[in-house]
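The values are calculated or read from the model by the stated rules, or taken from the named source; none is laboratory data. Computed from a predicted structure; not experimentally measured. Note that we place each Cβ from the backbone using ideal geometry, even for glycine, and neighbour counts take in every protein chain shown.
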Amino acid sequence: MNAIVEVVAFLLGFLGWVMVGVSLPNRYWKVSTVDGNVITTSTIYENLWMSCATDSTGVHNCRDFPSLLALSGYIQASRALMIAAIVMGSFGIVATLVGMQCSKAAGENYVLKGRIAGIGGIFFLLQGLCTMIAVSWYAFNITQEFFDPFYPGTKYEIGEGLYIGWCSATLAICGGCCLICACKLGTTEK
């Protein structure tokens, strides 16, 4: 039973890691809203790295953010947290592959393998928390500007990159919790 839980937890964590990799470069973290506009000639969308615009003919123009220091603090923090999530997920994948009962990497010492798998679960949990904090903080700022009646700039809505990030965080947290529980169950049974 423990081996099955470990494999399922690994698959959840791995899928969460892949989805972080899909969410991070996704261009649609926030998309300009058409609320209150009669004629919309262009759509503006942004992510952590660039701002893009699409006009009515379908031509896309993108530009990278010109200065790191000119960016808002939440964008800089979200960048750092998302990169940290990918690193944590990579460590989680390696530790889980070594620590699973069905792998032959650490020999026949199942107590050691259980502890290594538990460390992999902690890495997956940290990956999910980093992703959840980054994506939720970014979404909070979008909704705060959207509902502020005194905000003079372009108002944005939540884009698909944030939804992918939320799904990724949920999968990684579930995978990490399953691995930690499987590690704990393995030590009490043996």
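Structural remarks
- Among the numbered conditions (1) surrounded by 15 or more Cβ atoms within 10 Å (Cβ to Cβ); (2) polar (S, T, N, Q); (3) over 24 Å from the mean Cα position of the chain (by Cα), the only one that Thr41 does not meet is (1).
- Remark: Ile142 matches the filter, which requires a residue to be in contact with a strand residue (DSSP E or B) (Cβ under 7 Å, 6 or more places away or on another chain) and either part of a helix (DSSP H, G or I) or among the hydrophobic types (A, V, I, L, M, F, W, C) (or both).
- Residues within the stretch 62-72 that are surrounded by 11 or more Cβ atoms within 10 Å (Cβ to Cβ) and in a strand (DSSP E or B), tallied: 1
- Condition met for Gly121 (under 20 Å from Ile164 (Cβ atoms), crowded, with 17+ Cβ neighbours inside 10 Å, in contact with a helix residue (DSSP H, G or I) (Cβ under 6 Å, 6 or more places away or on another chain) and small (Gly, Ala, Ser)): no
- Test set (1) surrounded by 14 or more Cβ atoms within 10 Å (Cβ to Cβ); (2) among the polar types (S, T, N, Q); (3) not in a strand (DSSP E or B) - Thr57 fails condition number: (1)
- Look at the stretch 28-47: where a residue is closer than 20 Å to Asn141 by Cβ and at pLDDT 85 or above and a partner is among the polar types (S, T, N, Q) and surrounded by fewer than 12 Cβ atoms within 10 Å (Cβ to Cβ), sitting 6+ places away or on another chain with Cβ atoms under 8 Å, you get Ser32/Thr154; Ile44/Thr154.
- Selection from the stretch 145-157 of residues that are assigned to a helix (DSSP H, G or I) and at pLDDT below 85: none
- Pairing each residue of the stretch 136-151 that is more than 24 Å from Val20 (Cα to Cα) with any residue that is in a loop (DSSP other than H, G, I, E, B), provided the two are 6+ apart or on different chains, yields C-beta distances under 8 Å for Glu145/Tyr151; Glu145/Gly153; Glu145/Lys155; Phe146/Thr33; Phe146/Lys155.
- Counting the residues of the stretch 92-115 that are crowded, with 21+ Cβ neighbours inside 10 Å and over 26 Å from Leu24 (Cβ atoms) gives 4.
- Screening Gln76 on (1) among the polar types (S, T, N, Q); (2) surrounded by 16 or more Cβ atoms within 10 Å (Cβ to Cβ); (3) at pLDDT 90 or above shows it passes everything except condition (2).
- Residue match in the stretch 16-23 (condition: surrounded by 12 or more Cβ atoms within 10 Å (Cβ to Cβ), among the hydroxyl-bearing types (Ser, Thr, Tyr), closer than 29 Å to Lys155 by Cβ and in contact with a His (Cβ under 8 Å, 6 or more places away or on another chain)): no
- Residue match in the stretch 158-169 (condition: in contact with a strand residue (DSSP E or B) (Cβ under 7 Å, 6 or more places away or on another chain), in contact (Cβ under 8 Å) with a residue 60 or more places away in the chain, more than 25 Å from Leu97 (Cα to Cα) and assigned to a strand (DSSP E or B)): yes
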